[in-house]
Amino acid sequence: MNLFGGEDRGHGPQRMLVRVLLALRCEARRSPDPAVDRLRAEQLADRIIAELPRSVLPLGIAALLVVAVVCIGPLARDAVTERKALVGPTPVATVVEAGIREQGAALQDGFATIRAIVEPFAGSGSAPADGASAGSRGFAPCSDPPCDAAAPFPRS
Amino acid sequence: MLDQRTERLTIQRARQGDREAITALIQAYQRPLEAFLFRLCGKPELAEDLAQEAFVRVIRSLDRFDDQYRFSTWLFTIGKRLLVNAQQKMRPASDSETVEYRADDTRTPLLAVESAERDQRIGTLVQIAIDSLVSPQREIVLLFHQQGWPVQRIATELGMPEGTVKSHLFRARRRMLFAIEQSGVSNPEEVLR
């Protein structure tokens with residue numbers, strides 16, 4: 001058994017593996033030219049510092065604008081609608097209401113007219129009260145029963 | 001790497017917008033983070049971009065950093081999340097592109113320009129060994145062997161028992177050994193020559 005749990009296949013591959021692992025370690029540590037690393041780091045740091053306010057502020061402003069539009073939109077729409085209601089053409093509800101009132105007034109006039117026509121005849125069925133009213137209309141009430149007054153034939 | 005006390009003082013200065021402190025933090029962790037991300041994704045440009053983005057986010061959020069924890073742990077966590085997000089956004093074809101890139105690539109990651117020929121050969125072998133690992137073995141190997149984190153810290157960061165971390169490390173080394181054997185490069189002198 002070798003170091004890696006397999007059968008011993010010779011030391012060559014194992015040495016190669018150790019070499020590979022060391023090379024892997026060097027990738028993260030070794031810096032052939034520290035000046036180059038320093039320059040890259042400075043460039044990136046400058047970019048981060050320079051971009052921070054530029055990238056955050058526009059985003060914040062844009063977010064605020066979106067929120068403002070979303071919140072103010074319905075309010076503005078309502079305000080415009082109310083102004084139109086005050087200044088613009090009469091709403092449908094008002095027109096309908098006015099029509100109903102006009103019809104009501106016409107009906108009242110009609111009732112008054114009908115009442116005026118019907119009123120003279122309204123009391124003819126009730127005898128005690130009719131005397132004065134009949135006299136006032138220019139004819140005398142009949143005192144005899146109609147059958148006695150105008151019977152052409154003798155009674156059997 | 002900064003020791004813990006120096007790190008805290010540097011972070012306090014960086015919170016106040018001290019350019020030198022921010023530069024010091026970046027300089028201390030930029031290369032380790034890039035190396036870590038590169039070995040996870042296999043793309044040096046992506047690793048570099050993600051490392052920069054991780055620094056941007058971390059330094060902008062320094063006010064929320066809890067001094068009880070290590071700065072590097074926080075930084076590496078954010079870097080890994082950014083990598084996961086980037087990989088999720090990538091189209092599927094990117095995997096094959098990565099394979100092609102790696103097949104043709106003989107460079108040592110992140111040190112491509114300045115590395116010597118010997119490093120390039122070792123770098124290829126490192127990539128072969130790392131590619132043989134699956135998640136979470138790859139991350140554990142990188143945190144332990146590349147970043148030098150102790151097992152306890154890795155266990156805390158990954159939310160698993162220390163024994164599990166050790167087990168993953170053992171299996172990962174066995175996988176890497178097998179991959180090296182399969183690569184046909186069994187003589188160190190071939191690489192180190």
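Which count do you get for residues in the stretch B:126-148 that are open to solvent by less than 10 Å² (accessible area, probe 1.4 Å) and over 14 Å from B:His168 (Cα atoms)?
Adding up the residues that qualify gives 3.
Does the stretch B:33-43 include one or more residues that are within 20 Å of A:Ile49 (Cβ to Cβ) and surrounded by 22 or more Cβ atoms within 10 Å (Cβ to Cβ)?
Of the residues in the stretch B:33-43, the ones within 20 Å of A:Ile49 (Cβ to Cβ) are B:33.
Narrowing further to those that are surrounded by 22 or more Cβ atoms within 10 Å (Cβ to Cβ): B:33.
Yes, there is a match, as at least one residue in the stretch B:33-43 is within 20 Å of A:Ile49 (Cβ to Cβ) and surrounded by 22 or more Cβ atoms within 10 Å (Cβ to Cβ).
Among the residues of the stretch B:167-174, are any more than 8 Å from chain A (Cβ to nearest Cβ) and over 26 Å from B:Arg31 (Cα atoms)? So that I can check it myself, show each step before the final result.
First, the residues of the stretch B:167-174 that are more than 8 Å from chain A (Cβ to nearest Cβ): B:167-169, B:171-172.
Those left that are additionally over 26 Å from B:Arg31 (Cα atoms): B:167, B:171.
The answer is yes; a qualifying residue exists.
Among the residues of the stretch A:97-105, is there at least one that is in a helix (DSSP H, G or I) and at pLDDT below 75? Give the derivation first.
Residues of the stretch A:97-105 that are in a helix (DSSP H, G or I), as a first pass: A:97-105.
If we keep only those that are at pLDDT below 75 too, we end up with none.
No: the stretch A:97-105 contains no residue that is in a helix (DSSP H, G or I) and at pLDDT below 75.
Regarding B:Ala51, is this residue within 10 Å of chain A (Cβ to nearest Cβ), surrounded by fewer than 21 Cβ atoms within 10 Å (Cβ to Cβ) and without any contact (Cβ under 8 Å) to a residue 40 or more places away in the chain?
Working: within 10 Å of chain A (Cβ to nearest Cβ): yes; surrounded by fewer than 21 Cβ atoms within 10 Å (Cβ to Cβ): no; without any contact (Cβ under 8 Å) to a residue 40 or more places away in the chain: yes.
No.
Considering (1) modelled with pLDDT of 95 or more; (2) surrounded by 17 or more Cβ atoms within 10 Å (Cβ to Cβ), say which one B:Leu177 fails and leave the rest.
Among (1) modelled with pLDDT of 95 or more; (2) surrounded by 17 or more Cβ atoms within 10 Å (Cβ to Cβ), B:Leu177 violates only (1).
From the list B:Phe36, B:Phe71, B:Phe65, pick out the single residue that is closer than 27 Å to B:Gly159 by Cα, modelled with pLDDT of 85 or more and within 13 Å of chain A (Cβ to nearest Cβ).
Values: B:Phe71 fails: within 13 Å of chain A (Cβ to nearest Cβ); B:Phe65 fails: within 13 Å of chain A (Cβ to nearest Cβ).
Just one listed residue meets the conditions, B:Phe36.
The values are calculated or read from the model by the stated rules, or taken from the named source; none is laboratory data. Since this is a predicted model, take the numbers as computed values, not measurements. Positions of Cβ are generated from backbone atoms using ideal geometry, with glycine treated the same way; all protein chains shown enter the neighbour counts. Accessible surface is based on the protein model in full, side chains and every heavy atom, while ligands, DNA and RNA are left aside. Shrake-Rupley method; radii C 1.70, N 1.55, O 1.52, S 1.80 Å.
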